[in-house]
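Right, I'll just put the structure down here and ask away after.
Computed from the coordinates by the stated procedures, all read-outs in this text should not be read as laboratory data. If you're wondering where the values come from, they're calculated on a predicted model, not measured in any experiment. Cβ placement follows ideal geometry from the backbone for every residue including glycine, while neighbour counts extend to all protein chains displayed.
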């Protein structure tokens, strides 16, 4: 072998790399590398910009358009669900904006009902094209732009901010599409979210895990409306941590992952389950399925917002979320906690919070979830309330959607394994 061959190969390789890098520079000058370039989440500079897709909180435009067409055709369940929403008090409710919210007072109910009303009217405007609903929704959103903060001085404020932020923001995302809502009005709402909500949401509650997951639900939706990459990243990190410490799998070990607030005593923090099985949640035995439904719904909402922005956290949490859905569904269907809690009687409460997760794992991913399907058809659709804090209208917005109606984000499915696309522009209709 000629002694100069290694240097020749090395120089040739260096030349090839230089040509490839130069080509990438030319490509990036002509068009942002929307899908070609992926950078680890932690390694991206703070100035890099995500392409936020709008509307892209809990609802995508493709999903809204599909439901609208079904309503216009008179198809069920969409037509019946829309009529039910139209006849509710939220369809005609006016604004009640406050300058401060004491979460331990009637302020909590006032802000909750205004948030649900804004979302109700946003959906009704989109589905009916009646501008009366659009103007009502905008009036309510604008009335809250003078909010300064939450004053109870406890984690109840963090929960309240999560509950209503997770509803106000999706309403605002839909109303982006309405030409009658001015840019300055949207900016006022964005500024209010930063001023009043960020201080309550950006520190995780040490209470039971449903509070943190509700906070995360709000953080994700607000981050999209505000086009705030730092907030979006923080919410994703929180979701990863809490999901691993709230939804138990036997592969985690004999006991669940520890988290701030558990006092170093997982048995007590998890309300002393009698056995540890896949799908158990931190609050399963707290009240036998009541708060677990809120926690599961909030986690799945956050995953859905991420999905609409091109980040797939559903896949990395698939085993946890599906096990929790199927176990809880079986407990509610049978009325028995299946031997995992000292009190074996399951809660009688049912919430319209199963359709988002079922839509993803069954309709999009093709996984059979027999208990969840049966629960939805036999108990949720026939008897569950359609409006409960941050759990609203899932049968209308996510029930029976085609599997391909909303692919992950704007361009491609991106598994969230510490990676998000490094994009350079905002995508808003």
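Can you sort 271, 298 from fewest to most other Cβ atoms within 10 Å of each residue's own Cβ?
Numbers: 271 17, 298 30.
Arranged by neighbour count, lowest to highest, 271, 298 become 271, 298.
Okay, next question. Quick one: length gained pulling residue 98 to residue 365 fully straight, 0.36 nm per residue minus the C-alpha distance? Kindly include the intermediate steps, with their values, before the conclusion.
On the way: separation 267, 0.36 × 267 = 96.12 nm, distance 4.28 nm.
Stretched out fully, the residue 98 to residue 365 stretch lengthens by 91.8 nm.
A further question on this structure: How would you rank 92, 284, going from fewest to most other Cβ atoms within 10 Å of each one's own Cβ?
92, 284
Pop a pseudo-label 7 angstrom from the Cα along the beta-carbon direction at both residue 240 and residue 203 and give the gap in nm to one decimal.
Reported label-point gap for residue 240 and residue 203 is 2.4 nm.
Continuing with this model, one more query. What percent antiparallel are the DSSP beta bridges of segment 9-421, to the nearest 5?
Values: 8 of 12 bridges.
Around 65 percent of the beta bridges assigned by DSSP in segment 9-421 are antiparallel ones.
So how much slack lies between residue 72 and residue 185, counting 0.36 nm per residue of separation and subtracting their Cα-Cα distance, in nm? Numbers along the way, then the final one.
On the way: separation 113, 0.36 × 113 = 40.68 nm, distance 3.10 nm.
Here the segment from residue 72 to residue 185 would lengthen by 37.6 nm.
Give the order of 275, 194, 61 when sorted by the count of other beta carbons within 10 angstrom, beginning with the fewest. Walk me through the numbers on the way to the answer.
Numbers: 275 9, 194 14, 61 18.
In order of increasing Cβ crowding within 10 Å: 275, 194, 61.
Contact order normalised by length for segment 9-421, with contacts defined as Cα pairs under 8 Å and 6 or more residues apart; what percent is it?
On the way: 685 pairs, mean separation 74.7, N = 413.
Result for segment 9-421 is 18 percent.
Based on the Cβ-Cβ distance from residue 385 to residue 128, what FRET efficiency comes out when R0 is 25 Å, to the nearest 0.05?
Details: r = 23 Å, r/R0 = 0.90.
According to the calculation, E is roughly 0.65.
How far apart, in nm, are two points set 7 Å out from the Cα along the Cα-to-Cβ line at residue 151 and at residue 110?
1.0
A further question on this structure: Equivalent ellipsoid semi-axes for segment 9-421, as square roots of 5 times the alpha carbon gyration tensor eigenvalues: give them largest first, rounded to whole Å. Could the numbers behind the result be given before it?
Working: eigenvalues 206, 166, 102 Å².
Rounded to whole Å, the semi-axes are 32, 29, 23.
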